[in-house]
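**Q** Have a look at this one before I ask anything.
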Amino acid sequence: MTPLTIGVLAALGGLAGGYIVRQVLLTRSQEDQEGKYKELILQGKEEALKLKEEAKKEENVRRKELEKVESQLREREVSIERRMEKVEGEKSELENQTQQLELAKADITKLREDQEKELSKIAKLSKEEAHEKLLKEVEKDYSDDIIRKIRSMKEQMKSHWDSVAKELITTAIERLATDQTAEMTIFAFHLPNDEIKGKIIGKEGRNIQAFEKATGVDLIVDETPETVLISSFDPIRRAVASHALQMLIKDGRIQPAKIEELVAKAQSQVEDEIKEAGETAIQEVNLVGIHPELVKLLGSMKFRTSYGQNQLQHAIEVTHIATLLAEEVGADINITKKGALLHDIGKAVSHEVPGSHVDVGVELARKYGMSEEVIHCIEASHEDTDAKTVEAILSRTADAISSARPGARRESTEQFIKRMTELENVANSFTGVAKSFAIQAGREVRVLVRPETIDDLTAMKLSRDIANKIEADLQYPGTVKVNVIRETRFAEIAR
């Protein structure tokens, strides 16, 4: 072979080898792509299965929620049906009673008319003619006896004319007018700056919830600049909450543990304030010889109202008026002062001790060594018992003067407090309830239960039972939310 032929053959061999190498590489690339494609398909199937399982789980959760809501709606429907049946039954019963009363009234009217006609027929006189004839005969036969009786009564009353004259003088004395600020159910607390509002609320509302739970008030944080509102129908709770909030802001560490500590301290401060208020009242009216327990009860009246009128200021005002009247008519000033100052002392514990505030006040005065004259002033402070002494009359008159002056009282506040107390009493009547607070103007009742006696299932049932009892026993506007809280705490110290 010639060298040229050999060169040509070598070139052709090189081209064939390169072609074979490219084919091999191309084949391997296609196999790699197919492997990756299969891997992607497997991954897609796995993702689809995961999505399907998650969707199934979510569907189960939603189905359970819908079943729970449906169960609650059924229970609500049954409750409404029971109330409707009860109302219909009462309505039917009232209609039957009304019909019976109308029939009885018609029978009595007819019977009376028949009797009058029969009497007129027998006497041959009409009703008016018989009445006039009877009066003339009585006047004719007993005119001398009537005159003698009137003269005898006048002679008997001469010994009492001095007391009657004193009573007339006291009722004619000009009324005393003093400033009186009506108690409100909301107290506006001023903040140093708006940044503190975030600390008061806390993360996820933990701080404000702990504060409301510890104090029993409703803390309102709104857009009002540098101000939060403390809302509660109980003025003692508002005072405790105000003191505690002030100390928390000053301390700067606003957290649940610190809140409980400072609320307890604030309660102690309010108790000291109550004692100081009682001692100040005793000094203001210039009295001595009052038992310390009575002084403490008197101071607690600083945080109590009657128809919107502050009870402690009312008692001091009554004492001043009664003292002036006693000086005018010559009555015993010391007895009058004590009777006037303590005339409503029963209201300080009327929510704790059964009985009317008059009966409770009499028992307290007798227990702590008050004289019978002072006890009679308390007993006769209302119209239930006749006043037998001038001092009792003066105390009652001064009470009427202080209460009746324009702007002194508001009935709506008393009714509001009564409604809140009734809500709390309904909740407290159930076994296992530790405390209850009516908040948000009666739209919610927050119930704290004892965790050692009430489990979660019983707590759920308890909320429904309380709501049913409220529906059955009370009258209220709108709706009332019953919020049952069960909490268990465990604490250990690391040493």
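We did not get these values from a lab; they are worked out from the coordinates using the rules stated. Fair warning: this is a prediction, and the values are worked out from it, not measured in the lab. Glycine also receives a Cβ, built like all others from the backbone with ideal geometry; neighbour counts cover every protein chain displayed.
**Q** Once you have the Cα-Cα distance between E90 and E70, take 0.36 nm times their residue separation minus that, and quote the gain in nm to one decimal.
**A** Using 0.36 nm per residue and subtracting the Cα-Cα distance, I get 4.2 nm.
**Q** Assuming 0.36 nm per residue, please report the length gained on full extension of the stretch T458 to D384 beyond their Cα-Cα distance.
**A** Length difference between fully extended and current span is 22.0 nm.
**Q** Just to verify a number: FRET efficiency for L229 and R443, C-beta to C-beta distance, R0 = 22 Å, to 0.05?
**A** With a Förster radius of 22 Å, E is 0.90.
**Q** Another question about this same structure. So what is the relative contact order of the stretch 413-485, in percent, for Cα pairs below 8 Å that sit 6 or more residues apart?
**A** Once normalised by length, the contact order is 32 percent.
**Q** Could you grab the relative contact order for the stretch 186-271? Cα pairs under 8 Å, six or more apart, rounded to a whole percent.
**A** In percent, rounded to a whole number, it is 32.
**Q** Ok, one more. Output the pairs from K258/K435; K57/K213; K203/K258; K265/K337; K347/K481 with a Cα-Cα distance over 25 Å in this structure; if there are none, say none.
**A** K57/K213; K265/K337; K347/K481
**Q** What FRET efficiency comes out for T488 versus E363 if R0 is 45 angstrom and r is the Cβ-Cβ distance? Round to the nearest 0.05.
**A** After rounding, the FRET efficiency stands at 0.65.
**Q** Where nothing but the Cβ of Lys and Arg (+1) and of Asp and Glu (-1) is charged, how large is the charge dipole of the stretch 285-409 around its Cα centre, in debye to the nearest 20?
**A** The calculation lands at about 500 debye.
**Q** Quantify how much of the Cα-Cα distance distribution of the stretch 64-127 extends past 15 Å, in percent.
**A** Here the tail beyond 15 Å accounts for 73 percent of pairs.
**Q** On full extension of the chain, what length is gained from Q209 through S429, given 0.36 nm per residue of separation minus the C-alpha to C-alpha distance?
**A** 76.7 nm
**Q** Between K110 and D332, with labels modelled 7 Å along Cα→Cβ, what's the label distance in nm to one decimal, could you check?
**A** Calculated label separation equals 6.5 nm.
**Q** Please report, in whole Å³, the volume per residue of the convex hull around the C-alpha atoms of the stretch 186-271.
**A** 80
**Q** So how many Å³ per residue does the convex hull of the Cα atoms of the stretch 211-320 work out to?
**A** 127
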